[in-house]
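All remarks here apply to the structure that follows.
The values are calculated or read from the model by the stated rules, or taken from the named source; none is laboratory data. Computed from a predicted model, the values in this text were never measured in an experiment. Quick reminder, even Gly has a Cβ in these numbers, built from the backbone with ideal geometry, and neighbours come from all protein chains shown. For the accessible areas, the whole protein counts, side chains as well, though only heavy atoms, and no ligand, DNA or RNA atoms are used. Shrake-Rupley method; radii C 1.70, N 1.55, O 1.52, S 1.80 Å.
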Amino acid sequence: MLQANRGTVKPSANFSASADAEVLHKAMKGLGTDEDAILQLVTARSNAQRQEIKTTYKTLYGKDLIGDLQGELGGKFETLIVALMTPPITYDVTSLRNAIKGAGTDEKVLVEILASRTSQQVKQIIAAYKQEYDDDLEKDITGDTSGHFQRLLVILLQANRQTGIQSESIESDAQALFKAGEQKFGTDEQSFVTILGNRSAEHLRKVFDAYMKLSGYEIEESIKRETSGNLKDLLLAVVKCARSVPAYFAETLYYAMKGAGTDDNTLIRVMVTRSEVDLLDIRAQFRRLFACSLHSMIKGDAGGDYRKALLALCGGDDA
């Protein structure tokens, strides 16, 4: 299925890797750094073009571009620029590795990546993780998680979702979820895990409609009532991604910035990973769901070059 590119970042038309490498080199040479030149260039190239710039930079100057950028930039701005210079699958792999290997586990990252990536992407992530760390991603995740949360992550890692709609099992799936939750004292989490982890998005949307008719509740309400903690977060993410991936990310971005303090790691991760995929759709959903545009929320939430770069990725205001 070929999807029209709904990203805000497109490949630059008159692209020259050596001209770009030279601009970046100049921006970092001598006293002071021209952050503006760096952010204008990096946010206006596709990831594939950035990889070419990186190779050309090494050829021309005998230095590693990322190393130079890290030496010149700092803080959240540096994190964002380095993320943009990283190939998408490598970026996902590194994010997962850091989520598992740091002090404690960052479940939020596991939930976001594994619930939202396509089966094809999950397979690529597993292979790249093995290549990069010589470790088994599934083993690392199971060593760090437990219970039904762990089981659902393992199912998602199999990347074996059914395709299409199984009309004959829509009703029975909805019944099984109803029996497992609302109709039962206590919850049979395994039914939720199996059905939500294995059915296709289009099939699940039909099941959610049937569930609503049957129980009088949206499936999200039942999950919130019947489960808790990491399992609840993962089940909700799977349901939201089955309904609409852009809406899921619009919500993720909103809650990363809402209230006191900003979850910059999430803000950077989503803006970077979706900028060439569906950020235009995420922006539209954001405007529909919340009383402001993504652009205006970033503007009010971030500062300096970091803000400028995020707004460049955002690519416009939906006031």
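Cβ-Cβ contacts under 7 Å between residues 6 or more apart (or on different chains), taken from a first residue in segment 22-37 that is closer than 17 Å to Lys54 by Cβ and in the same structural domain as Tyr57 (by the TED database) to a second residue that is of a type outside the set (Asp, Glu) and open to solvent by 50 Å² or more (accessible area, probe 1.4 Å), are listed as His25/Tyr61; Ala37/Val23. Listed by position, the helices (runs of 4 or more DSSP H) enclosed by segment 189-281 that each have at least 1 residues that are on the phi < 0 side of the Ramachandran plot, assigned by the TED database to the domain that holds Cys292 and aromatic (Phe, Trp, Tyr) are 245-257.
For the condition over 24 Å from Arg50 (Cα atoms), in contact with an Asp or Glu (Cβ under 8 Å, 6 or more places away or on another chain) and surrounded by fewer than 18 Cβ atoms within 10 Å (Cβ to Cβ), what is the one hit in Thr252, Thr262? Quick ask: steps written out before the conclusion?
Working: Thr252 fails: surrounded by fewer than 18 Cβ atoms within 10 Å (Cβ to Cβ).
Exactly one residue qualifies, and that residue is Thr262.
Just one of the listed residues (Gly104, Gly7, Gly32) is touching a Lys or Arg at 6+ places or on another chain (Cβ under 9 Å) and assigned to a loop (DSSP other than H, G, I, E, B), namely Gly7. In segment 118-153, of all residues being of a type in the set (S, T, N, Q) and outside any loop (DSSP other than H, G, I, E, B), the one that is surrounded by the most Cβ atoms within 10 Å (Cβ to Cβ) corresponds to Gln150. Being surrounded by fewer than 17 Cβ atoms within 10 Å (Cβ to Cβ) and either touching a Gly at 6+ places or on another chain (Cβ under 6 Å) or over 30 Å from Arg307 (Cα atoms) (or both): is that true of Tyr217 here? For Tyr217, the condition - surrounded by fewer than 17 Cβ atoms within 10 Å (Cβ to Cβ) and either touching a Gly at 6+ places or on another chain (Cβ under 6 Å) or over 30 Å from Arg307 (Cα atoms) (or both) - is met.
Residues that are outside any loop (DSSP other than H, G, I, E, B) and either of a type in the set (Val, Ile, Thr) or over 29 Å from Leu110 (Cβ atoms) (or both) within segment 296-310 comprise Ser296, Ile298, Lys299, Gly300, Gly304, Asp305, Lys308, listed in sequence order. Is one or more of the residues making up segment 104-115 at pLDDT 95 or above, of a type in the set (A, V, I, L, M) and over 14 Å from the mean Cα position of the chain (by Cα)? No, every residue in segment 104-115 fails to be at pLDDT 95 or above, of a type in the set (A, V, I, L, M) and over 14 Å from the mean Cα position of the chain (by Cα). If Leu156 passes every condition in (1) open to solvent by less than 70 Å² (accessible area, probe 1.4 Å); (2) farther than 14 Å from Ile195 by Cβ; (3) at pLDDT 95 or above but one, which one does it miss? It is condition (2) that Leu156 fails.
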